[in-house]
């Protein structure tokens, strides 16, 4: 199901580069809306993530207490908030003007961009960070993104937990970025997508008891079975009673538990998932609206169009024109 959702929301590598910083240094990244159209003009949203390869630093949202990041730690900003990274917990800049931020990202997307970004005052405290920016869809429905908090801080994987796949991917990506061989940019962008998938996997593994959200629902036996059925056969004639029977529980028990974890009843979730599938079909192909409606489980084009416009705010035809 995780692969199903990540494929449907169309992950797209936007930017990937190593940063080497020495104290004192500070970066303040504005809301993603400031630079998203420059990195990926067609992407609905851009997720920022950073991996501390060596050393340590401080980071966090501008309106929350700072976090201390050490070697192997990962910082993800899923929802486009402003955030900072610095060599000291209390070090802040006055905020870079928007045109300065845009100039930096514009330079980093050019073929002449430096393979490594160097920052700081040359002091003794040094840190190497891998910075990544990834495009994805948020409309009509991205349950993975919705289940993530404003800021994700993942600690380095312990040796007892098994091989650190993220570390291996990062080392491979750094070799690509430094050698600059033909096709390296394409490789790095796809590696950026794979790294984010690994980040989400790590979030899933790190969930503790009592957590809710779509990812937590995957790990719950009852809710996980229900999600699997809906994703395997989204166009089936589902009812709450039929779904409950297939997963081996009562209607009330399924509705309560599903809503507790996922945040909405099963049939409402199914509607949103069907419309997410439909949005992708409308964007990528030339199939008639009536065919798309039938493919995702609607008996009539009119019912599909009403549901689509209610959730997305525009008609299926208008969505297709805008996407293409």
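The values are calculated or read from the model by the stated rules, or taken from the named source; none is laboratory data. Just so it is clear, the model here is predicted, and its values are computed rather than measured. Neighbour counts are summed over all protein chains in view; Cβ atoms, including those assigned to glycine, are modelled from backbone coordinates with ideal geometry.
Data for the structure
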read-out: Number of the exception - residue 300 against (1) surrounded by fewer than 17 Cβ atoms within 10 Å (Cβ to Cβ); (2) touching a residue at least 60 places away in the same chain (Cβ under 8 Å); value: (2)
read-out: Members of the range 43-76 found to be out of contact with any strand residue (DSSP E or B) (no Cβ under 8 Å at 6 or more places or on another chain) and either within 22 Å of residue 197 (Cβ to Cβ) or touching a residue at least 24 places away in the same chain (Cβ under 8 Å) (or both), listed by number; value: 64
read-out: Residues located in the range 90-136, provided they are surrounded by fewer than 14 Cβ atoms within 10 Å (Cβ to Cβ), under 22 Å from residue 67 (Cα atoms), modelled with pLDDT of 85 or more and in contact with a strand residue (DSSP E or B) (Cβ under 6 Å, 6 or more places away or on another chain); value: 123
read-out: Which numbered condition residue 30 misses (of (1) farther than 25 Å from residue 143 by Cβ; (2) surrounded by 15 or more Cβ atoms within 10 Å (Cβ to Cβ); (3) touching a strand residue (DSSP E or B) at 6+ places or on another chain (Cβ under 6 Å)); value: (3)
read-out: Any hit, the range 35-43, residues being assigned to a strand (DSSP E or B) and surrounded by 20 or more Cβ atoms within 10 Å (Cβ to Cβ); value: no
read-out: Of the criteria (1) modelled with pLDDT under 95; (2) under 27 Å from the mean Cα position of the chain (by Cα); (3) closer than 20 Å to residue 7 by Cβ, which one residue 287 fails; value: (2)
read-out: Helices (runs of 4 or more DSSP H) wholly inside the range 164-243 containing at least 2 residues that are touching a strand residue (DSSP E or B) at 6+ places or on another chain (Cβ under 7 Å); value: 165-179, 184-206
read-out: Per-region count, the range 44-68, residues under 20 Å from the mean Cα position of the chain (by Cα) and crowded, with 19+ Cβ neighbours inside 10 Å; value: 10
read-out: Residue in the range 18-29 that is nearest to the chain's Cα centre (by Cα), counting only those that are farther than 13 Å from residue 91 by Cα and modelled with pLDDT of 90 or more; value: 29
